[in-house]
Amino acid sequence: MRKMYGYARVSSKDQNLDRQLIALRDFGIDDRDIIREKASGKSLNREAYQTLRNQLLREGDTLVIVSLDRLSRNKLHIKQELEYYRSRNIRVMILDMPTTLCQVNEGQEWIIEMINAILIEVLASMAEQERIRTLNRQAEGILAAQLQGKHLGRPKMKIPEGWGEIYMLWKSGEITAVEAMKKSGLKKSTFYKLAKLTDENYPW
């Protein structure tokens, strides 16, 4: 029997899921079939999501999310997950992306698939860029406060411009530590000290 599941996610415990839950219920999803999670979109290794993905969803089922960035805020991850579901004949419906909700006549599926591919490319890029901007603002603000009165070598160090993006690229494996050091203009010891401080003060 085919089933429809909803997935609602916010990034932190002080945020609430109400808007997403209302939208998913209004779409007709039974409350018991809505998987809820408060976890960062930086990683796919989220407990509730992995349970939904690997244990609950079966071939022919449908996954419903309110927006694409609820799946992830990493463009590569978004594409990987959508391909995973497509290969297993699990439909993904995105409420703020109406073309994913359409039923089309046989033989015309390619039109919707083409439109969806374009929209997903744009929306995934926007989700990732928004995350980068947020990381830059929050990381630099938090670190600037933390570094007041602290020294990372001598003289006292300034936060490199774009540190949030550089750090994120390094942590995700998109660039090496050496490349990150070059981009940030930091020496090895200072780079790792700043990276450690970043880890301690921001829930990436």
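For the stretch 41-75, give me the residue count where each residue is over 19 Å from Leu95 (Cα atoms) and touching a Phe, Trp or Tyr at 6+ places or on another chain (Cβ under 7 Å).
Total satisfying the criteria: 2.
Could you grab the pairs with beta carbons closer than 6 Å, sequence gap of 6+ or different chains, first residue in the stretch 161-174 and not assigned by TED's automatic domain parsing to the domain that holds Lys42, second one basic (Lys, Arg) and crowded, with 16+ Cβ neighbours inside 10 Å?
Filtered contacts from the stretch 161-174: Ile166/Lys183.
Go through the stretch 42-96 and give me each residue that's part of a loop (DSSP other than H, G, I, E, B), over 12 Å from the mean Cα position of the chain (by Cα) and without any contact (Cβ under 8 Å) to a residue 24 or more places away in the chain.
none
Hey, among the residues in the stretch 26-41 that are more than 15 Å from the chain's Cα centre (by Cα) and of a type outside the set (A, V, I, L, M), which one's nearest to Glu174 (Cα to Cα)?
The residue in question is Arg36.
The values are calculated or read from the model by the stated rules, or taken from the named source; none is laboratory data. Quick caveat: nothing in here was measured; it's all calculated off a predicted structure. Quick reminder, even Gly has a Cβ in these numbers, built from the backbone with ideal geometry, and neighbours come from all protein chains shown.
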